[in-house]
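Novice: One structure is given below, represented as structure tokens, and several questions about it will come after.
The values are calculated or read from the model by the stated rules, or taken from the named source; none is laboratory data. Because the structure is a prediction, the values reported are computed rather than measured. With ideal geometry, Cβ positions are generated from the backbone for all residues, glycine too; neighbour counts draw on all protein chains shown.
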Amino acid sequence: MSTRFQHLNTNWEATGTGTGHGVGVGPTLPAVNRWGVTFKAVEDPSRQYRGTISAEDPGAVPEDELKDALEEQLVIAAIEMSKYIWRPAEAISRDTGIALDKVRRILETTSVDVIVAPQPNKQGLTLYSTREHYQKNTSFVRRYIDTIESS
């Protein structure tokens, strides 16, 4: 259950994890509508990311869906693996090779808890982090001050 594709000048292998989840309400369990997938760079297996797709077998989904799922993980990784707490979309775009408008769309729609800095940087750019990355890399006092500033 794996497939290979080329994206962002890298050859990737997408392998289904065999795990899925669904969302629903009521007395019956929902059908599984999202399936786990692992993306691994063929030439550099240390570059590995986990995402979700619409089918258990990555070979059964359109290549564009695989690319979108991979791009979402690359954007999140560009934040979470950074030495900086806050990242502008422009830097994420440069680092990942993903178009700026797509990076912004991912930051606005991802299921990962993305947060926006209370103020732009000196260049006037909006800054982003994930809640997890922010909490790991800031003190309680800094988080408190940021909360006060954003109120």
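Novice: Is it the case that some residue within the stretch 131-149 is touching a strand residue (DSSP E or B) at 6+ places or on another chain (Cβ under 6 Å) and closer than 25 Å to THR19 by Cβ?
Specialist: Yes, the stretch 131-149 contains a residue that is touching a strand residue (DSSP E or B) at 6+ places or on another chain (Cβ under 6 Å) and closer than 25 Å to THR19 by Cβ.
Novice: What residue, of GLY20, GLY26, GLY16, is at pLDDT below 95, outside any helix (DSSP H, G or I) and crowded, with 16+ Cβ neighbours inside 10 Å? So that I can check it myself, show each step before the final result.
Specialist: On the way: GLY26 fails: crowded, with 16+ Cβ neighbours inside 10 Å; GLY16 fails: at pLDDT below 95.
Matching residue, one of GLY20, GLY26, GLY16: GLY20.
Novice: While we're here: So which residues in the stretch 44-58 are surrounded by 17 or more Cβ atoms within 10 Å (Cβ to Cβ) and touching a residue at least 40 places away in the same chain (Cβ under 8 Å), if there are any at all?
Specialist: First, the residues of the stretch 44-58 that are surrounded by 17 or more Cβ atoms within 10 Å (Cβ to Cβ): 49, 51-53, 55-56, 58.
Within the stretch 44-58, GLU56, PRO58 qualify.
Novice: Go through ALA69, ALA91 for me and flag whichever is within 23 Å of ARG131 (Cβ to Cβ), among the small types (Gly, Ala, Ser), outside the structural domain of TYR128 (by TED's automatic domain parsing) and part of a helix (DSSP H, G or I).
Specialist: On the way: ALA91 fails: outside the structural domain of TYR128 (by TED's automatic domain parsing).
Being within 23 Å of ARG131 (Cβ to Cβ), among the small types (Gly, Ala, Ser), outside the structural domain of TYR128 (by TED's automatic domain parsing) and part of a helix (DSSP H, G or I) holds for just one of ALA69, ALA91, which is ALA69.
Novice: Something else: Of the residues ASP101, ASP146, which is modelled with pLDDT of 95 or more, in a helix (DSSP H, G or I) and among the acidic types (Asp, Glu)? Explain how you work it out, then say what you get.
Specialist: Numbers: ASP146 fails: modelled with pLDDT of 95 or more.
Of the residues listed, the single one that is modelled with pLDDT of 95 or more, in a helix (DSSP H, G or I) and among the acidic types (Asp, Glu) is ASP101.
Novice: Going through PRO120, PRO88 one at a time, which residue ends up being in contact with a Pro (Cβ under 9 Å, 6 or more places away or on another chain) and surrounded by fewer than 14 Cβ atoms within 10 Å (Cβ to Cβ)? Explain how you work it out, then say what you get.
Specialist: Values: PRO88 fails: surrounded by fewer than 14 Cβ atoms within 10 Å (Cβ to Cβ).
Result: PRO120 is the single residue among PRO120, PRO88 that is in contact with a Pro (Cβ under 9 Å, 6 or more places away or on another chain) and surrounded by fewer than 14 Cβ atoms within 10 Å (Cβ to Cβ).
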